[in-house]
Amino acid sequence: MLHANDLGGWTKPAPRLYPHQWSWDSAFIAIGLAHLDPARAIEELEHLFAAQWSDGRVPHIVFDPNVPDYWPGPDLWGSRDVSAAPTDVATSGLIQPPMHAIAVWRILAIARAEGVEADRRRALVARACALYPKLLAWHRYLVERRDPERSGLITVYHPWEGTDNTPRWDAALARIDVGDIPPYPRTDVSLVDAAERPSKAEYDRYLWLVGLLRNAKYDDEVVRRSHPFLIKDVQCSAIFVAANDALAQIAELAGAPNGERAAIAEWSRRSAEAVRGCWDRSLELALDFDLRAEHPIRCITSAGLCPLLVPSLTRDEARGFSDRIFGPDFAGAEGLAFPVVLSTGARSPEFRPRAYWRGPTWPVINWLLWCGLRAHGLESEAARLREANLALLARPRSRFSEYFEPFTAEPLGSPDQSWTAAVALDWIAAGNH
Ligand code: 2M8
């Protein structure tokens, strides 16, 4: 499946629904590919970082010029009119969670664990070191431009910067006054049942927000002053902690100067503390913070479990997240086909089991939580989650789909979704070492 979605040096997330390169998909894809061909895995990230902006941002989509009829395409973003954007390729102007350093470090670890011979490994290390300055510039962008307050938490500007129609964004989107939007095609709903995709009202708001960002020329200072959607994202920030720890290892390999290493350690420390501070005692999970409304977003979603990725949690804190994972809102919900983590809590008013990020289970998010459980030595809990996900994916009908209806295990969204296959490969390999 990954070979079928391979376009030569990079992989599209899905055959028809997502025909370009997506940022965080690439990182998960690279981790899966590392088990087949680590050199090809690192190439996935090299291709993505070739489109990095001069301000350090890694765009959420890198467009394939050979697919002209995709919508929303390059014209919507207007990246060619922005001086920081690359000139040889069209990209979006948004970002996605910084999974990339985690992927690079993992490619090296997988190559070591799976006995790749020494000279091929040396070549991989050299390529990881060549990526290091780009990864550093990316993390610096996140700190300096997406956290000008130095709170340790990363600000997102758009639902497309992670988990699209999650209920986490509902209240912030509801406050936005949408002006005139010219009619637009919804190619996604010609490929996937509209009930499994964002609604028209949500899409109008997505496009309105893109228009505001495009008019601001993606200048973070302008956005900070005027943009109506500014949210401190706990999932993105938790991933940033783990990514800084991976970057610290790559920095050491690359012989980076002490000043850079100290900066990375400080980014990690500050974000770890901030993510731990997002904990809400009554909901028993971590919450995002809406900067415009000036309050936390009280929603029960899998994003609130992501602090498990923070290595400095105490044993009790990690146990608390693990209990929450297997409790009645998530993998322990009543009537599930497989005990896997839901994207939105089963007992929440917003829960809708077929609607994209509002209830269905997403294997990649389960994979992230599995990593978190393992990082805290919760091996039997991690094994439980891995087995449940593999059982779901092993069903002949699963087609490595994008997401699944949790009570029937019906595959939803796109079939042949690359990152689903990639995490399945990593889970299978985990049973071998
Ligand atoms: C989804 O996002 C795209 C827009 O970027 C879409 O809905 O059309 C999200 O699941 C996102 O997280 C993912 O990276 C992308 C490609 O798999 O699809």
(request) Multiply the residue gap between Asp180 and Leu7 by 0.36 nm, knock off their C-alpha separation, and tell me the result in nm, one decimal place. (result) 58.6 nm
(request) Work out the charge dipole of the chain with +1 on the Cβ of Lys and Arg and -1 on the Cβ of Asp and Glu about the Cα centre, then indicate which of Leu283, Trp169, Gln96 is farthest towards its positive end. (result) Leu283
(request) Any chance you could run the full-extension gain for Arg292 through Glu221? It's 0.36 nm times the residue separation minus the Cα-Cα distance, nm to one decimal. (result) 24.0 nm
(request) Give the Debye-formula value of log10 I(q)/I(0) at each listed q (0.21 Å⁻¹), with one equal scatterer per alpha carbon of the stretch 1-136, two decimals each. (result) -1.23
(message) What distance in nm separates the two pseudo spin-label positions at Ser312 and Tyr70, each 7 Å out from Cα along the beta-carbon direction?
(response) 3.9
(request) Once you have the Cα-Cα distance between Glu334 and Thr187, take 0.36 nm times their residue separation minus that, and quote the gain in nm to one decimal. (result) 49.4 nm
(message) Just to be sure I follow the definition: excluding the sites themselves, where is the longest run in the chain that has none of the GluC sites (Glu not before Pro) in a DSSP loop with at most 11 other Cβ atoms within 10 Å?
(response) 150-293
(message) Give me P(r) over the chain, computed from all C-alpha to C-alpha distances, binned every 10 Å, as integer percentages.
(response) 4, 22, 35, 29, 9, 0
(request) Enumerate the helices in the chain for which the Kyte-Doolittle hydropathy averages -0.5 or more and the C-alpha atoms extend at least 30 Å along the helix's axis, using complete DSSP H runs. (result) 118-144
(message) Is there a quick way to get the dipole size of the chain? I mean about its Cα centre, with the Cβ of Lys and Arg at +1 and of Asp and Glu at -1; what is the value in debye to the nearest 20?
(response) 400
(request) Round to a whole angstrom and tell me the spacing of the C-alpha centers of the stretch 72-108 and the stretch 183-210. (result) 22
(message) Suppose we look only past 24 Å in the calculated P(r) of the stretch 196-297. What percent of the Cα-Cα pairs does that tail hold?
(response) 46
(request) Report, in whole Å, the centroid distance computed from the Cα atoms of the stretch 231-299 and the stretch 305-324. (result) 14
(message) I want to check the label-to-label distance for Ala126 and Ala194. Put each point 7 Å from Cα in the C-beta direction and report it in nm to one decimal.
(response) 5.5
(request) With a point put 7 Å past each Cα toward its Cβ, work out how far Phe407 is from Leu253 in nm, to one decimal. (result) 4.6
(request) Could you calculate, for the stretch 93-229, the ratio of the Cα radius of gyration to the Kirkwood radius, expressed as Rg to Rh? (result) 1.09
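Throughout, read-outs are computed from the coordinates displayed, never taken from laboratory work. Please read these numbers as outputs of a predicted model, since none were measured by experiment. Because the Cβ atoms are built from the backbone with ideal geometry, glycine has one as well, and the counts that use them run over all protein chains shown.
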